[in-house]
Amino acid sequence: MCGIVGYVGHSAGRVNTGHNALDVVLEGLRRLEYRGYDSAGIAVVADGTISSRKKSGKLSNLIAELDASPLPESLTGIGHTRWATHGGPTDQNAHPHLADEGKLAVIHNGIIENFAELKLELTRKGVTFLSETDTEVAAALLADIYRNQLGGDSANGGLTKAMQLACQRLEGAFTLLAVHADQPDVVVAARRNSPLVVGLGDGENFLGSDVSGFIDYTRRAVELGQDQIVTITADTVEITDFYGAPAEGKEYHVNWDPASAEKGGFPSFMEKEIHDQPDAVLQTLLGRSDINGRLTLDELRVDPELLKNVSKIIVLACGTSAYAGQVAKYAIERWCRIPTEVELSHEFRYRDPIVDENTLIVSISQSGETMDTLMAVRYAKEQGAKTVSICNTNGSTIPRESDAVLYTHAGPEIAVASTKAFLAQITAAYLLGLYLAQLRGNKFQGEIKDILADLNKIPAKIQQVLDNEEQIKELGRSMADAKSVLFLGRHVGFPVAMEGALKLKELAYIHAEGFAAGELKHGPIALIEEGQPVFVVVPSPRGRDSLHAKVVSNIQEVRARGARTIVIAEEGDEAVKAYAEHVFYIPETPTLLAPLLSTVPLQIFALALASAKGYDVDQPRNLAKSVTVE
Ligand code: AGP
């Protein structure tokens, strides 16, 4: 998830609006920096040339670069803050990327799935690449079409036509912005599966990955649809599809204040990130399987032969990331038949663990800087184990010190309490499990293809749960005075119960505890008294081992002792109604994938209850986003 800004101003003959493109783009990037801060860059069109500066690290690094080496005054510019996906957060990989002998600049948000084949095709045409990014490939493709197919002639539709033809070749998710020295008063953009909004000004027009990119200059916005190209000048906005057919964009007024605009209009980053979850899962899935349902995790760069000989997997993580590992354990053992242990990182190296060259260590970390996990990974490496990092922060310490990395593409997670990273971690761990099963032949290709098909349906199902959030919010608000809440679950529902309890502890500062539902009768049931709120995560009634019946019995047990039972169950599950004070239904989905849905109501409940108490849900007391001490 990157921040993108485009600007064209000062149309000829109008009163000078006084905006230098550099100023507008920098202001937009400052507001969009929450979307990505691995690197930042700007390109402007002035005096018949493209001038650009880009720098790894935060926006302040780019500003320092611009102070040292200023850009010329300009009417037209584009800018980018990067959340790295392809290629580490380096100066070279920062956007914009140049092509057509420096006359074309391109910035991009998303993942181009077929960039490898395009790169090969262009390399064979003599193109040399400076970066590891898919974006540079898109820029080279655009240049090749503009220069060689259209003759570099703006009369032939110029940059707009070139963008249309290029987008017909691109697969995946992308928002692209391009400027060319031949057309100094034009920015051309395209979007598929990735956000882009037009800002309408007076004698100037804007582009942004969201409205916070231009909210300081205009509140008139036009949302672009799927597979659309937009060409802006200072006075015109022209929208087409990828084949040049004219399209309409619907104008709307932005009534957010700038601060809430950075949160996508939500009152908190936490709520915004809960709503980012469909996209976080989608982006993590994108580009990692082919149309035949085969996993394509070439990015892992681990010798497949080594993975075939893995005799044990140990997942190392803390907090929410450890619960993601616990959920994944059920799937990995089911799909790969490899014994999988989930260890709290801070416990791991003090218990003299059994680790050898056939042990695969899978660390899970949103920040990639958690010291407990980093030290555990180092210890495991000393014992000869291979290490794979599942991480959301490109270029952070844990993936850098691991043998391989499988990045989640959830985008920056700003709120301290983890939500979208959790679902993305589970998704990435599932992909790893399926990849191992594919390599080791534990699953037929058809079975893997079916599981991937079910995974690809998850983003829309998460959205369905979010669409019904008001019901759970209302319950959260009504229980603001609760002093203790218990969470029960079985099988994959057990780590979900633990995560639901953690969310409530972190956000509302009240006692909350997750239990394996089967453990209740072995002691914890003594906690049940009149009015005790108990959440129960119920497995699908279609699942095996009559798990469902056992959990319904657990609900009866606590209900009989006066508990207030709040049930998360699969749509159509009528059996739970008799024993539940509230039922929140989630869409039907295979048992192993259900945590990607059943977690969401628990996140929303904790958010609503904490908000009702007036707490800061983005920065809860005593907590830090990344625990870099042991
Ligand atoms: C999650 O809500 C917590 N903030 C915390 O448990 C977190 O998951 C844990 O500290 C691990 O962080 P990491 O994923 O960055 O390694």
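Kindly indicate whether GLU27 is among the acidic types (Asp, Glu) and surrounded by fewer than 18 Cβ atoms within 10 Å (Cβ to Cβ).
Taking the combined requirement at face value, the residue does not satisfy it.
Could you list all residues from the stretch 478-501 that are of a type in the set (D, E, K, R) and either free of Cβ contacts under 8 Å to residues at least 60 places away in the same chain or farther than 27 Å from ALA324 by Cα (or both)?
Matches in the stretch 478-501: ASP481, LYS483.
Can PHE422 be described as on the phi < 0 side of the Ramachandran plot, within 13 Å of the ligand (Cβ to nearest atom), of a type in the set (Phe, Trp, Tyr) and in a helix (DSSP H, G or I)?
yes
Being assigned to a loop (DSSP other than H, G, I, E, B) and within 16 Å of the ligand (Cβ to nearest atom): is that true of THR628 here?
yes
Considering only residues that are within 19 Å of ASP279 (Cα to Cα) and more than 16 Å from the ligand (Cβ to nearest atom), look in the stretch 425-450 and name the one that is surrounded by the most Cβ atoms within 10 Å (Cβ to Cβ).
So, considering only residues that are within 19 Å of ASP279 (Cα to Cα) and more than 16 Å from the ligand (Cβ to nearest atom), the one surrounded by the most Cβ atoms within 10 Å (Cβ to Cβ) is TYR430.
From ALA482, ALA437, grab the single residue that is among the small types (Gly, Ala, Ser) and either closer than 19 Å to VAL281 by Cβ or in a helix (DSSP H, G or I) (or both).
When all the criteria are applied, what remains is ALA437.
Would you confirm whether any residue within the stretch 356-370 is in contact (Cβ under 8 Å) with a residue 24 or more places away in the chain, more than 25 Å from ASP303 (Cβ to Cβ), within 8 Å of the ligand (Cβ to nearest atom) and surrounded by 23 or more Cβ atoms within 10 Å (Cβ to Cβ)?
Yes; the residues of the stretch 356-370 include at least one that is in contact (Cβ under 8 Å) with a residue 24 or more places away in the chain, more than 25 Å from ASP303 (Cβ to Cβ), within 8 Å of the ligand (Cβ to nearest atom) and surrounded by 23 or more Cβ atoms within 10 Å (Cβ to Cβ).
Within the stretch 300-348, can you find the residues that are within 16 Å of the ligand (Cβ to nearest atom) and either farther than 17 Å from ILE390 by Cβ or of a type in the set (Ser, Thr, Tyr) (or both)?
Across the stretch 300-348, the qualifying residues are THR320, SER321, TYR323, SER345, HIS346, GLU347.
Which one of these is of a type in the set (A, V, I, L, M, F, W, C), within 16 Å of the ligand (Cβ to nearest atom) and surrounded by 18 or more Cβ atoms within 10 Å (Cβ to Cβ): ILE586, ILE604, ILE555?
ILE604
Can you tell me which of (1) out of contact with any Pro (no Cβ under 8 Å at 6 or more places or on another chain); (2) farther than 16 Å from GLN556 by Cβ; (3) crowded, with 22+ Cβ neighbours inside 10 Å is the one LEU527 doesn't meet?
Condition not satisfied by LEU527: (3).
Looking at the structure I just gave you, is ALA181 modelled with pLDDT of 95 or more, under 25 Å from GLY41 (Cβ atoms), surrounded by fewer than 24 Cβ atoms within 10 Å (Cβ to Cβ) and of a type outside the set (Ser, Thr, Tyr)?
Answer is yes for this residue.
If you take just the strands (runs of 3 or more DSSP E) that sit entirely in the stretch 47-136, which of them hold at least 2 residues that are at pLDDT 90 or above and in contact with a Pro (Cβ under 7 Å, 6 or more places away or on another chain)?
Because the criterion is at least 2 residues that are at pLDDT 90 or above and in contact with a Pro (Cβ under 7 Å, 6 or more places away or on another chain), the strands (runs of 3 or more DSSP E) in the stretch 47-136 that meet it are 49-56, 76-82, 104-112.
Cβ-Cβ distance below 6 Å, separation of 6 or more or different chains: which pairs start in the stretch 415-437 with a residue that is aromatic (Phe, Trp, Tyr) and end on one that is away from the ligand (no atom under 13 Å from the Cβ)?
If the second residue must be away from the ligand (no atom under 13 Å from the Cβ), the pairs left are TYR430/ALA331; TYR435/LEU295; TYR435/LEU297.
Filter the stretch 302-343 down to the residues that are among the basic types (Lys, Arg) and within 20 Å of THR427 (Cβ to Cβ) and list them by number.
LYS329, ARG334
Look at the stretch 137-157 and say how many of its residues are in a helix (DSSP H, G or I), over 17 Å from ILE50 (Cα atoms) and in contact with a helix residue (DSSP H, G or I) (Cβ under 8 Å, 6 or more places away or on another chain).
So the count comes out to 6.
Inside the stretch 397-418, can you point out the residues that are buried (at least 23 other Cβ atoms within 10 Å of the Cβ), within 20 Å of SER345 (Cα to Cα) and within 11 Å of the ligand (Cβ to nearest atom)?
The answer is ILE398, THR408, ALA417, SER418.
The values are calculated or read from the model by the stated rules, or taken from the named source; none is laboratory data. All of these numbers come straight from a predicted model, not from anything done at the bench. Counting neighbours? That spans all protein chains shown, and the Cβs are built from the backbone with ideal geometry, glycine included.
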